[in-house]
Amino acid sequence: MSAPHQPIASRYQGEQGKHHYVRDLFNRGAPHYDRVGRVGFLGTGHFHRRRSLQLAGLRPGMEVIDVACGTGAVTRAIVELLGGRGRVVGIDPSEGMLNEARRHVTGAEFKTGEAEALPALDAAFDFLSMGYALRHVADLGVAFKEYFRVLRPGGRLLILEISRPTSSFGRWFSRLYFRDFLPLLSRVVTGSNDAREMMAYYWETIDACVPPQVILDALTGAGFQSVNRRVELGICSQYTAVKPAG
């Protein structure tokens, strides 16, 4: 089993405990998620998501699956870029997050499901995206094999993540911002302890996440080609890959 990080013992026990904890946490925090994201990332998230999708090869006419879509932040950017030409399906295990997505995003379908068992036929999509949720899957290898399965030959993949910086200053600043400041800001802005806990857990999983090379190797092991990682600001990772056309 290739988990994206070691268990967070202060939050849950074992893989089953993680599954229930994460789903419950995001169900409770869903009403606050978009607001925290806008404030915490200074309103730059939408621009970054659109640009990353374009660089990864998203084009009008494609059929797209957005895995772990949450409240639909990445899904919304996909719908805009497709411009009415194509199809978008958002998948998430949290009904709370999906309820928010259905309220705020038009032009997409939303279904309950998990990365390791996607509710989709083989070779059904041209493009697969996942935004800032890879740390929550149970097994990288199983998830990536599912991604490979649902993509058509020549299909493209984009995974957006926040990675632990490599420089000493970057690590210090990330801890200060994500561990200390962002949870407090989330509590102040929303008045919700659920929002604070959600952002505290956000940092804990970033800090514990496996190195990027492990993720790249797992994508290659699942059969993907042209596997690559692009980094912006030292922390914003864009993993891209292509399913062989043959």
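The values are calculated or read from the model by the stated rules, or taken from the named source; none is laboratory data. On a predicted model such as this, the values are computed, not experimentally measured, just so you know. Methodologically, a virtual Cβ is constructed for each residue, glycine included, from the backbone with ideal geometry; neighbour enumeration extends over all protein chains shown.
Can you find a residue in segment 224-234 that is on the phi > 0 side of the Ramachandran plot and of a type in the set (S, T, N, Q)? The answer is yes; a qualifying residue exists.
Pick out the one residue from Thr71, Thr44, Thr75 that is in contact with a Cys (Cβ under 9 Å, 6 or more places away or on another chain), hydroxyl-bearing (Ser, Thr, Tyr) and either surrounded by fewer than 23 Cβ atoms within 10 Å (Cβ to Cβ) or at pLDDT 95 or above (or both).
Details: Thr71 fails: in contact with a Cys (Cβ under 9 Å, 6 or more places away or on another chain); Thr44 fails: in contact with a Cys (Cβ under 9 Å, 6 or more places away or on another chain).
Within the list Thr71, Thr44, Thr75, the selection yields Thr75.
Does Ser237 satisfy the criteria of being among the hydroxyl-bearing types (Ser, Thr, Tyr), within 30 Å of Gly61 (Cα to Cα) and touching a residue at least 60 places away in the same chain (Cβ under 8 Å)? Against the criterion (among the hydroxyl-bearing types (Ser, Thr, Tyr), within 30 Å of Gly61 (Cα to Cα) and touching a residue at least 60 places away in the same chain (Cβ under 8 Å)), Ser237 qualifies. Taking segment 126-157 as the range and being part of a strand (DSSP E or B) and over 16 Å from the mean Cα position of the chain (by Cα) as the test, the residues that pass are Asp126, Leu151, Arg152, Pro153, Gly154, Gly155.
Taking residues in segment 172-196 that are within 9 Å of Val36 (Cβ to Cβ), and partners anywhere that are surrounded by fewer than 19 Cβ atoms within 10 Å (Cβ to Cβ), the pairs with Cβ atoms closer than 7 Å and at least 6 places apart or on different chains are Leu185/Val39; Val189/Arg35; Val189/Val39; Thr190/Arg35.
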